Amino acid sequence: MILVLINGKAKFANHYGPERLKQDVQHILGQQGTAALTQSLEELEQTLQQHAPEGISAIVPFGGDGTVSVALTTALRVYGADQLPRILAIKAGTMNEIATEIGTLSRNPLHDIAAMARLIKSGEPIPTTHRYPMSINGERLGFAFGFGASSRFLERYYAAGAGVLVALRMVAGYVGSALIMGGTIRNLFKPVVGRLVHSQGSAPIAWTFCLALTVRKLPFGVLLSTSGGENARPVMCVVAGAPKLIRLALCLPLIWIGRLPKWIGLTRAEYANIRVELEEPMAWHIDGDVCTPSQAIEIVTGPKVHFVELKRALKPMDLHEQ
């Protein structure tokens, strides 16, 4: 049985119409699954509690990265790590980096759900690949964590209404400010002071930028991480420091393909777990969602999550079969 959990606030659902989407998804699933519209964390948890994990072939969080993160977190709480069902990630949100990394058959998420339904009906094996999310303070699972410049950017982005045009205007404003080293760019890259604690010891930090990743790529295909990928291990890749902005701008083409020259002012290292102790509470983000400011942030990798890899089971031409 396929369990589709529709986030009515996600980009695709919001444009499509949540109730209409639920009806159409249920029509696509037929006897192979159930579509549920979950408008709150309480509804999400109640829906999962109504379905035994052993009867679920795959959970489909209908949204983007944030929806996958929330669904995973809730499913782990309801079912436990040993009974966590497979996840089918689709491209139905503003940020879809998890689905992009795993691979989808179509840009239209309804096509992927239809393909999944046909796979279940066929009785063929369900191919999977695994990834290791991070657990943030034991409260939230996700694959891309950050604070500093990235969380400040997202806070302003959502406050301005979000969307591509908002992002482009913000980037243009930051670029203009960077040219004259104005207050806008300096506020974005204001240092976050504290201490990093890990298994090998601890060290003081004064970072303006920090990302912890268990997926390979960032939006637009930026290959910044050494974690994730087909041979994923239970480690996170932490990229952090106080980059020199001019050098950072000059090296963007190198960063795009995975190189990170030390003279930029960023370091890249792998950890199984870390603890960040800050002098002042700081907002942080996970998979695009900005979360309540914290002064102590504990990040641990795991558990292993199995994602359905549709591209290994069905060909794109199968999308048109009914």
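Values as computed for the structure displayed
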read-out	value
Where a residue in the range 171-183 is assigned by TED's automatic domain parsing to the domain that holds A249 and its partner, wherever it lies, is surrounded by 11 or more Cβ atoms within 10 Å (Cβ to Cβ), with Cβ under 7 Å and at least six apart	G173/T184; Y174/T184; Y174/I185; Y174/L188; S177/T184; S177/I185; A178/I185; A178/L245
L213 closer than 22 Å to H130 by Cβ and under 24 Å from the mean Cα position of the chain (by Cα)	yes
Given (1) buried (at least 18 other Cβ atoms within 10 Å of the Cβ); (2) closer than 23 Å to I286 by Cβ; (3) more than 12 Å from the chain's Cα centre (by Cα), index of the condition R77 fails	(1)
Count - residues of the range 241-278 that are among the charged types (D, E, K, R), touching a residue at least 12 places away in the same chain (Cβ under 8 Å) and either outside the structural domain of F147 (by TED's automatic domain parsing) or exposed (fewer than 13 other Cβ atoms within 10 Å of the Cβ) (or both)	0
Single unsatisfied condition, T214 versus (1) more than 18 Å from M282 (Cβ to Cβ); (2) surrounded by fewer than 20 Cβ atoms within 10 Å (Cβ to Cβ); (3) touching a strand residue (DSSP E or B) at 6+ places or on another chain (Cβ under 8 Å)	(2)
Residue selected from the range 185-226 under the condition in contact (Cβ under 8 Å) with a residue 60 or more places away in the chain and part of a loop (DSSP other than H, G, I, E, B), by the criterion farthest from P261 (Cα to Cα)	S199
Single condition S225 does not satisfy, out of (1) touching a Phe, Trp or Tyr at 6+ places or on another chain (Cβ under 9 Å); (2) among the polar types (S, T, N, Q); (3) under 20 Å from G302 (Cα atoms)	(1)
The range 35-74, subset polar (S, T, N, Q) and within 20 Å of the chain's Cα centre (by Cα), residue modelled with the lowest pLDDT	Q39
Identity of the residue in the range 10-24, of a type in the set (K, R) and without any contact (Cβ under 8 Å) to a residue 40 or more places away in the chain, that ends up surrounded by the fewest Cβ atoms within 10 Å (Cβ to Cβ)	R20
The range 25-70, residues that are among the small types (G, A, S) and surrounded by fewer than 21 Cβ atoms within 10 Å (Cβ to Cβ)	G30, A36, S40, A52, G55, S57
Residues (buried (at least 22 other Cβ atoms within 10 Å of the Cβ) and in contact with a strand residue (DSSP E or B) (Cβ under 8 Å, 6 or more places away or on another chain)) located in the range 113-131	I113, M116, R131
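The values are calculated or read from the model by the stated rules, or taken from the named source; none is laboratory data. Every value quoted in this text rests on a predicted model; they were computed, and no experiment measured them. Ideal geometry is used to build each Cβ from the backbone, glycine not excepted, and the neighbour counts take in all protein chains shown.
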